[in-house]
Amino acid sequence: MKSIKGKIVIISSPSGGGKSSICRQLLKNNKKDNWQFSVSYTTRPPRKNETNGIEYNFVTHAKFQELKKKNEFAESCQVHRYYYGTSRKPLDKVLKKGGVMLLDVDVKGAKKLKEQFPSAVTIFILPPGRLELKKRLMERGTDNSTQKRIRYKRALSEIKLYKRFEYVVINKDLKPAVDEVDMIIKSLHCRQKNLNLEQMNRIVG
Ligand code: 5GP
């Protein structure tokens, strides 16, 4: 069995779970070690404070369809009213060359990616409770009230899907949640299926 060099980390949660903040902090803490974020393509318009190429590659519907036809996406789907797609090439590159690639995708995207990249790890971030979830979503300055209602309804059905994930982290406070995800990622190379076989042979003969 070939040992895989890089780690693909699929992080999913309902809106309000806090996965974007967790990803941002993980990248900041591990800048030196080649941790990257998979910048998805989306047809959603940018929100205030979002920059093209940083949070997302913001594209038109036509461009999105063109990329999809060219098989540039490892997976794509519709979330709310918009399309989202994960670039395939950066994932292949990380597996070959090493490093950590964090992906922030919805539950369906996580399933499709895990099927294609079985060595990837799946982590679900849960809010500490439904009341807190509602509070976080209702306080979001970036959504109007209809969007808030849609997101809350969808989030309530998504939190029930936590069993589909290999790891579950409850995000009550940001720092301990970031630390837990960080520990999960940093110990992945100890998983039996991720062991470096050359190193094992040197040790055990
Ligand atoms: P938002 O518009 O709030 O940034 O994201 C909406 C949802 O789309 C979130 O659950 C986010 O994780 C998900 N998402 C973002 N990029 C992708 C992607 O490339 N593929 C999939 N399947 N979901 C994505």
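Listed values, structure above:
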quantity	calculated
Net length gained if the chain between ASN57 and CYS190 were fully extended (0.36 nm per residue, minus Cα distance)	44.5 nm
Angle between the chain longest axis and helix 107-116 axis [Cα atoms, degrees, rounded to 10]	30
Average projection area in nm² (convex hull over Cα atoms of the chain, one quarter of hull surface)	12.4
Prolate/oblate/rounded call for the range 60-136, Cα gyration tensor, a/c under 1.5 rounded	oblate
Long-range HN-HN contacts of VAL169 with modeled amide H, under 5 Å	PHE124, ILE125, LEU126
Cα→Cβ-extended label distance, 7 Å offset, between GLN78 and ARG44, nm	1.6
DSSP-defined beta bridges in the range 1-155 - what % are antiparallel, rounded to 5	35
Inter-label distance, nm, simple model (7 Å from Cα along the C-beta direction), ASP179/LEU27	2.4
Exposure of MET200 as accessible area (Å², to 10), given a probe of 1.4 Å and all protein chains	50
Length-normalised contact order for the chain - Cα pairs under 8 Å, 6+ apart - percent	32
LEU131 accessible area, assembled protein chains, probe 1.4 Å, Å²	150
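The values are calculated or read from the model by the stated rules, or taken from the named source; none is laboratory data. All values derive from a computational prediction rather than experimental measurement. With ideal geometry, Cβ positions are generated from the backbone for all residues, glycine too; neighbour counts draw on all protein chains shown. Side chains are part of the model used for accessible areas, which takes the heavy atoms of the whole protein and leaves out ligands, DNA and RNA. Shrake-Rupley method; radii C 1.70, N 1.55, O 1.52, S 1.80 Å.
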